[in-house]
1. Extent of region A:9-294 along each principal axis, from alpha carbon coordinates, in Å, largest to smallest?
2. Using +1 at the C-beta of Lys and Arg and -1 at the C-beta of Asp and Glu, which of A:I389, A:L54, A:L303 has the Cα lying farthest in the positive direction of the dipole of the protein assembly as shown?
3. Cα convex hull of region A:302-417: mean projected area in nm², to one decimal?
4. Under the Kirkwood approximation for Rh and a Cα-based Rg, what ratio Rg/Rh is obtained for region B:46-89?
5. Where the centre of each part is set by its Cα atoms, how far does region A:199-242 sit from region A:333-362, in angstrom?
6. What size of dipole, in debye to the nearest 20, comes out for the protein assembly as shown about its Cα centre when the only charges are +1 on Lys and Arg C-beta atoms and -1 on Asp and Glu C-beta atoms?
7. Out of every Cα-Cα pair in chain A, what percent are more than 40 Å apart?
8. Go from 0 up to the bin containing the longest alpha carbon distance in region A:118-238, width 5 Å each, and give me the % of pairs per bin.
Amino acid sequence: MSTFQSTIYQPVIGLEIHAQLQTDSKIFASDAVRFGREANTLISPISLGHPGTLPFLNKRVVEYAIKMGIAIGSDINEWQYFDRKNYFYPDLPKGYQITQDKTPICIGGKIKVKLKSEEKFISFHHIHLEEDAGKSMHEGDNPFSFIDYNRAGTPLIEMVTDPTLHSSEEAFALVSEVRKLVRYLGICDGNMEEGSLRADVNISLRPIGTEKLGTKVEIKNMNSIRNIQRAIEFECTRQAAMIDAGETIIQETRTFDAHTGKTSSMRVKETMNDYRYFPEPDLAPLHISQEWINEVRASMPLLPWEQEQELVDQFGLPAYDAHFLADSKEMALYFKEAANFTKAYKALSNWLMGPVKSHMNESLLHIQDFEISPKNLAEIVDLVELGSITHNLAAHQLFPLCLQERSKSPKQLVDENGWALVDNNDELNNFVQEVIQAFPDKVKEYHKGKKGLIALFIGEVMKKSKGKADPKLVNQLVQEALAQ
Amino acid sequence: MKVNKEDVIKIAHLARLELKEEKIQDMQDSINKVLDWMEALNAVDTSSVEPLVHMTPAINHFRDDQAKAMLDRQHALNLGPDTNESYFKVPQVIE
């Protein structure tokens, strides 16, 4: 994918990131929140907007939003009320969405992202609570649309950034960080394909060096972080070409097509946007006390960047390793659990970043499903570190066997297969002497300066040891023997 | 504050009300009468009064996060104007 680069225009990008909260029930009703159930089986008179029903706020939704606010350093609004956003659309049965317009739950906040050339804080305008809508399905020429209200009333937080992003790379990095964060906090599963995490992108171009914002276009319907990046690239190029051609950019909503990589205008019949927000009379105001905030703060898990720092401080890992391991909470936990059983922390990290990661990628597993227990992986690491087996053998024979023979410890498997290295110097020295005597000509050549022949001697000794000698040790012994 | 003819047409559209041409003037007069009546409130100095958003002093009316019995699908669909065996049907919304 090409990256939009221009000496004339600067993209100005703002994101609205919606996260479905992982609660048991909906935000204003007790219908279950589940993905992938049969249409219209998770519904109630409240979520269908039947007359006379009243919304009833789920306390956990508020707690989860406070968690997110604390995590990114927002101010939590002490007094809040909900607002009605009025519009007619069939997936919104009440004719209005309950949201927060005037008094969002969190104000401000920022998240640090790592870019190729720098680190940057991206600031948030606010986070507000709202309810998700149902789903409409349209099929080709069918004159009807079909509505499933299972999703209606699913709790959402909408995280709105300031319009301070300037590239698709920044947007990619930000959504990745948000996804990592909501997963660490356990407030959202971050699954973009299932729509648990969604982002709308507002994007405009302006001449470099100017302040005034251009006309913005909103892009919807991107179901992966990669597609958010692609949509921004396409849109920057499209808008730049339009401005160059003297055309006027109209404020509109566009949809992204993952197959073509293009955005296109959404032609929705209703175009007049006048939401007539007003305070929701059916819900009591919210008061969030300092005590409540403190309680939530006390229940917070380690955050990704805190986890990263802990791995550096406590285990002396390089920043790169810490960043890799802290990418998921489960990976970090796995490392910390395994670190109870070995002191070779860096070697353990190498195992997780190398063979374990490759295995996860090939088998499409998450670390939670990894077949080898932290204790057993630590044992493999120690077997190598203490010189009982070579790394090569550990990675190519012991590791695959451990994946299958889960009831046996790595040590048992090494014993059963007779893999333990010959670490008896006398026995090895005997092999060395045998080899030197078997190749008198080569020894002469070696002494004349053909030092590369050492590989031959080492190889022969390794053969005699059936691969169970530590090559480093053999190297040392052969050199010593030849020097005599 | 006064509403004009365009305001009335817009309000009717937002409320999805079909308003006959000859009714617009009536409606405009009627809305303006209500607004005139509300004007009386503007005579009161409210600069030191906090906005009243709710009529009751209740705050933090919460429910515990627990999923409970839901509405039977067939029953719910029967209450809809047009449905098939699992969905509510509406005239197509995307052009």
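The values are calculated or read from the model by the stated rules, or taken from the named source; none is laboratory data. Computed from a prediction, not measured in an experiment: that's the story for all the values here. Note: ideal-geometry Cβ built from the backbone for every residue, glycine included; neighbour counts use all protein chains shown. Heads up: the accessible areas ignore ligands, DNA and RNA and are worked out on the full protein's heavy atoms, side chains in. Shrake-Rupley method; radii C 1.70, N 1.55, O 1.52, S 1.80 Å.
1. 55, 53, 33
2. A:I389
3. For the Cα atoms of region A:302-417, the hull's average projected area reads 6.8 nm².
4. Working: Rg = 20.4 Å, Rh = 15.2 Å.
Using only Cα positions, Rg/Rh for region B:46-89 is 1.34.
5. Comparing the Cα centres of region A:199-242 and region A:333-362, I get a distance of 40 Å.
6. On the way: 64 positive and 84 negative charges, 280 e Å.
So the magnitude is around 1340 debye.
7. Values: 47663 of 116886 pairs.
Result for the distance tail: 41 percent.
8. Pairs per bin, as whole percents: 2, 9, 16, 21, 19, 14, 10, 6, 2, 1, 0.
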